[in-house]
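Please read the structure below before turning to the comments.
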Amino acid sequence: MIMTRYIKRGLMAALLLLAAGSVKAQIQDTVAVADTSYVLPPEPIFTSKIRLLTRSYGDRVVLRWMPEDYVSWKFLRYYGVNVLRVKPGTMDIDTLAYALKPMTREQMEAKYAATDEQAMAAMGVMYGGGRLGPNQTQDAPGTMGANVEYNNEQDISFGYAMLVAEWRPDLAEAMAVGLTDRTAKRGEVYDYYVQITQWELDGKIIFEPGVNEGVEVTSYKPEAYEPLVQDTLTSPRRVALSWIDSEHSSYEIERREVSPRASEWIRLNDKPYVSMVSDADFKGLCVYSDSVTHEGTWEYRIMAHDAFGELTPAVTHTAYVRDIEAPKAPEITRIVIDRQTDKILAHVFWHIVEPLEKDLQGYLVHYYNDNITGNHWMPLSSQMAAPRDTMTTVDVTSLRSGMICIMAYDDSGNEGQSLAQFIRITDMKAPTPPDTVYHTVLPQGYMLLSWDIAPEDDDIMYWDVAFANDPSHDYLLRNEGGIKEPMFVDTLAMDVNQKYIYYKVRAIDYSGNVGEWSDVLRVLRPHVTPPTVPHLDRSSHDDRGMHMRWVVGKDADMDYHLLLRRLGAEGEWQVMARWDADSLAQAKTWAVQVDDNPSYDRRERYYYMVESHNASPYTSQSLAVSWLHQGPKFLDIPIRLTGGYVESEKTVRVVWEVDALTLSSMGGEYYYCVFRKGPGDTKFKYMYNVSSDTLEYTDPTLRKGEEAEYYVSIRFTDGRESRESNVVKVKY
């Protein structure tokens, strides 16, 4: 990968290294002889490319090159460059310049006058003082901020030097970034190369040479310069020209007025114009702002400085500068509503703002109500009031309350708008009742009601809220005065034994029209007192489980009841059943029956209680009742036992079979118990425990000639037992 990168970046090195011996024999007039012992340097800190441009003029070829940045330019100035010309297809290599470096300060001072600003700028960026010193940056030396300051100053110096080289070909050659090949022959084709004189720069940087191949020596024909120029009037008599150009850096801009009597072109910029629009915002965007003395038609032409010190052909653009300054609108002073028999008129009065513009045409009254006009202002007449008028009358019969303003117009179509004023127009249409009334229960017994406003109701003066504790009762007005906003906070009585409260809302407009009531909103009344405590009426326990009957309260705000059960005194309560309070009330019974048959447990007791809930954040719980639900102690699990003497092992063994399905249905952990009545025993004695996964037992205590009887039973860890198996007799 490294070798490939170096080969790509060293096109000239590859050319010089090809057939090194024969190359030396062919070079007659160059001192830039290839070093055949050249070894590729180690990986550099960074690489840089020399960018080479050429232009043929028939009797000469002009070369212009530039490095990529300030640091690269310093290296080229210090080491110099070799400029080579090669005849394609041959080994004819001509050295046009060897170790070409910028003119010294003394040479430039001897050649250029101190009044030559561009020459002094070129000399200044190379040899002038005023550079930032180690202790002159705003941030401490060595910090990131100081490095950024150094970098910014270098970028400005480098950029300005390259601009000066574009403006002046002689300064390009003085700074060693330009050369004219005056020995080129018309009609010939050449390859040109610009390379740094040394390849090994202490491992700091590698330069990719500038290459321009196939340059034919012919007469120069300038190409058309055709960027698309646009203009915008940013303020009265101020024109902003804009165009896209990614190839050129500076421009000359001229202007003249288009009139019956032709005027001369006037150069607008004293120095070449450089656009300050960043490429990060819009690549290649150029913007130039110009102010003209008066409205009219103006012509602009733009020429760009190219890299060879010439101006491109001009591109011409015509800008039409018209009046864009809006006239001053009058101030509305009074609005009088005239309600006649068949129509409603509005007399609008205003105060004129002096002085009046010379091109002022007149005024129009405009009306705005987004339900009628949408999102724009609507004129209320087609006839303008004269510039000196101070009132007008408009018909507002079909309109509702809204906003009005006065628009002032001039000859150029500009319009100025006055401050808007509210106009109240009488109507006969009652407001629409709210479609939906919303509610939110707040802490401490407050209720927030809110509702939407119908889009067509823009003149509502206030709302009324009415309430009742029962839908069959008369509704009472809840608010003492009119409610101005579509919301109301009600304070509820907390000691009323009624489950719900009912609300409805209506609107009244500025014309006194009273709207219909909204649909009734039923709200569950909040409470802060706990419900009546449930209590146990009776209970019993048998083989089918536990049986309990609970009596609950008849509270009007009762919501539901829960049956809770837990296993053990420290267990978690689990919800086992739920009863809706309204359902119990409809059935006219306020008692709940519980019959529960849970799994048997011989160690822990089952606990039960009932919990009642109402609309308050509190609950009431009954006393708990507990039962020990053990189930039968002896289980009917068939066990078949066999046994005998095992001759090969010289031992006595018993083996048994169990109904696995019956055993698994019993649940719980278990083990087998082996009992024996041996020699000299009058009854069976316990011998050994066998794990649940083993179905045999070998008796190590029986002697030869002795005889014993055996049986097996199952014991569960919770205390339950199976019936005994059959008895088998075995002789050793």
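Tell me, what % of the accessible area of region 506-641 is carbon and sulfur with a 1.4 angstrom probe? So the carbon and sulfur contribution to the accessible surface is 46 percent. Put a dot 7 Å past the Cα of VAL533, heading toward its Cβ, do the same for ASP458, and the two dots end up 6.4 nm apart. For the listed residue pairs LYS650/LYS704; LYS429/LYS484; LYS49/LYS111, the alpha carbons are over 21 angstrom apart in LYS49/LYS111.
Other residues within the sphere of radius under 13 Å centred on the Cβ of ARG566, judged by their own Cβ, net out at -4 (K and R +1, D and E -1).
How high is the FRET efficiency from VAL277 to GLN138, r the C-beta distance, R0 41 Å, rounded to 0.05? Walk me through the numbers on the way to the answer.
Values: r = 27 Å, r/R0 = 0.65.
Rounded to the nearest 0.05, the efficiency is 0.95.
With θ taken as phi - 60° and the coefficients 6.51, -1.76 and 1.60, list the Karplus ³J(HN,Hα) couplings across region 506-512 in order, rounded to whole Hz; mark glycine and proline as x. Ordered by residue, 3J(HN,Hα) equals 9, 10, 10, 8, 5, 8, x Hz. Label zone (MET666, point 7 Å along Cα-to-C-beta; backbone nitrogen cut-off 19 Å) within region 621-659: 629-642, 655-659.
Lysines within cross-link reach of LYS271: Cα-Cα under 17 Å, excluding same-chain residues under 8 positions apart? Result set, ordered by chain and number: empty.
Compared with the direct C-alpha span, the chain from SER246 to GLN107 gains 46.5 nm at full extension, assuming 0.36 nm per residue. For region 514-570 and region 350-413, what is the separation of their C-alpha centers, rounded to whole Å? Answer, in whole Å: 69. Between ASN597 and TYR438, what FRET efficiency comes out of the Förster formula 1/(1 + (r/R0)^6) with R0 = 56 Å and r the beta carbon distance, rounded to 0.05? Efficiency computed from Cβ-Cβ geometry: 0.75.
Extension gain, ARG388 to ARG424, is 10.3 nm, computed as 0.36 nm per intervening residue step minus the present C-alpha separation. Under a cut-off of 20 Å between alpha-carbon atoms, report the lysines in cross-link reach of LYS685, not counting same-chain residues fewer than 8 places apart. Qualifying lysines at Cα under 20 Å: LYS677, LYS729, LYS731.
Our coupling estimate for region 653-665, obtained by passing each phi through the Karplus curve with A = 6.51, B = -1.76, C = 1.60 and θ = phi - 60°, is 9, 10, 9, 9, 10, 10, 6, 4, 5, 5, 5, 5, 5 Hz, Gly and Pro reported as x. Taking all Cα pairs closer than 8 Å and separated by 6 or more residues, the relative contact order of the chain comes to 7 percent. Just to confirm my numbers, what's the Cα centroid distance between region 272-298 and region 226-265 in Å? Taking the Cα centre of each part, region 272-298 and region 226-265 sit 8 Å apart.
Charge dipole of region 174-292 (Cα centre as origin; +1 on each Lys and Arg Cβ, -1 on each Asp and Glu Cβ, all else neutral): 620 debye, rounded to the nearest 20.
I need to check one value: relative contact order of region 530-658, counting alpha carbon pairs closer than 8 Å and at least 6 residues apart, in percent.
Working: 262 pairs, mean separation 34.4, N = 129.
The normalised contact order for region 530-658 reaches 27 percent.
Taking a ≥ b ≥ c as the square roots of the Cα gyration tensor eigenvalues, the chain comes out oblate, since a/c reaches at least 1.5 and a/b does not exceed b/c.
Can you compute the charge dipole magnitude of the chain about its Cα centre, using +1 on each Lys and Arg Cβ and -1 on each Asp and Glu Cβ, nothing else charged? Give it in debye, rounded to the nearest 20.
Numbers: 75 positive and 106 negative charges, 569 e Å.
The calculated dipole for the chain is roughly 2740 debye.
With a/c under 1.5 counting as rounded, go ahead and sort region 166-238 into rounded, prolate or oblate using the C-alpha gyration tensor (a ≥ b ≥ c being the square roots of the eigenvalues; past the cut-off, prolate if a/b is larger than b/c, else oblate).
Values: a/c = 2.69, a/b = 1.54, b/c = 1.74.
In terms of gyration-tensor shape, oblate.
Would you work out the charge dipole size for region 586-629 about its Cα centre, treating the Cβ of every Lys and Arg as +1 and the Cβ of every Asp and Glu as -1, and quote it to the nearest 20 debye? Each step should come with its number before you reach the end.
On the way: 4 positive and 5 negative charges, 16 e Å.
In debye, rounded to 20, region 586-629 gives about 80.
Under 5 Å between amide hydrogens, built in the peptide plane, is the criterion, and for GLY402 it picks out ILE423, ILE425 among residues at least 5 positions away or on other chains. Which one, LEU476, LEU448, TRP265, projects farthest toward the positive side of the charge dipole computed for the chain from Cβ point charges (K/R +1, D/E -1)? Farthest towards the positive end: LEU448. Sequence-distant contacts, meaning Cα pairs under 8 Å at least 6 residues apart, place the relative contact order of region 480-593 at 19 percent. As an exercise, identify the trypsin sites (Lys or Arg not before Pro) in region 686-729 lying in DSSP coil whose Cβ has no more than 12 other Cβ atoms within 10 Å. Within region 686-729, the qualifying trypsin sites (Lys or Arg not before Pro) (loop, at most 12 other Cβ atoms within 10 Å) are ARG703, LYS704, ARG723.
If you roll a 1.4 Å probe over region 665-732 with all protein chains in place, what percent of the accessible area is carbon or sulfur? It would help to have the intermediate numbers written out before the result.
On the way: 1740 of 3970 Å².
It is 44 percent, rounded to a whole number.
Per residue, the accessible area of region 390-493 comes to 53 Å², computed with a 1.4 Å probe over protein heavy atoms only.
Note on region 237-340: dipole from Cβ charges, positive end direction compared against HIS317, VAL292, ILE337; the farthest Cα belongs to ILE337. Is any residue of region 476-519 close enough, with backbone N under 11 Å, to a label point placed 7 angstrom from the Cα of ASP580 along the Cα-Cβ axis, and if so, which? Within reach of a label on ASP580: no residues.
Using a 7 Å offset from Cα along Cα-Cβ at LEU623, what residues in region 534-576 end up with backbone N under 13 Å from the label point? So the set is 534-539. Computed extension gain for ASP342 through GLU604, at 0.36 nm per residue and net of the alpha carbon distance, reaches 85.2 nm.
Using packing as a proxy for protection, rank 599-610, 346-357, 682-693 so that the peptide with the highest average count of other Cβ atoms within 10 Å comes first.
Values: 599-610: 17.1, 346-357: 15.0, 682-693: 10.9.
Order by mean packing, descending: 599-610, 346-357, 682-693.
Given a 1.4 angstrom probe, I'd like the percentage of the accessible area of region 55-142 that is carbon and sulfur, rounded to a whole number. Percent of accessible area from carbon and sulfur atoms in region 55-142: 50. The aspartates and glutamates within cross-link reach of LYS221, meaning a Cα-to-Cα straight distance under 15 Å and a gap of 8 or more places when in the same chain, are ASP59, ASP306, GLU310. Distance from the Cα centroid of region 448-509 to that of region 77-150 is 85 Å (rounded to whole angstrom). Counting only protein heavy atoms and a 1.4 Å probe, region 202-344 has 58 square angstrom of accessible area per residue.
For LYS49 and ASN152, the FRET efficiency from 1/(1 + (r/R0)^6), where r spans their Cβ atoms and R0 equals 22 Å, is about 0.45.
Here is how the number arises for the chain: DSSP H runs of 4 or more residues each give -39500 (n - 2.57), the sum is divided by the residue count, and the result at 222 nm is -3500 deg cm²/dmol.
The values are calculated or read from the model by the stated rules, or taken from the named source; none is laboratory data. Bear in mind the structure is a predicted one, so any value in this text is a computation, not a measurement. Here the Cβ is made from the backbone with ideal geometry for all residues, glycine too, and neighbour counts use every protein chain on show. With ligands, DNA and RNA removed, areas are computed over all heavy atoms of the protein, side chains included. Shrake-Rupley method; radii C 1.70, N 1.55, O 1.52, S 1.80 Å.
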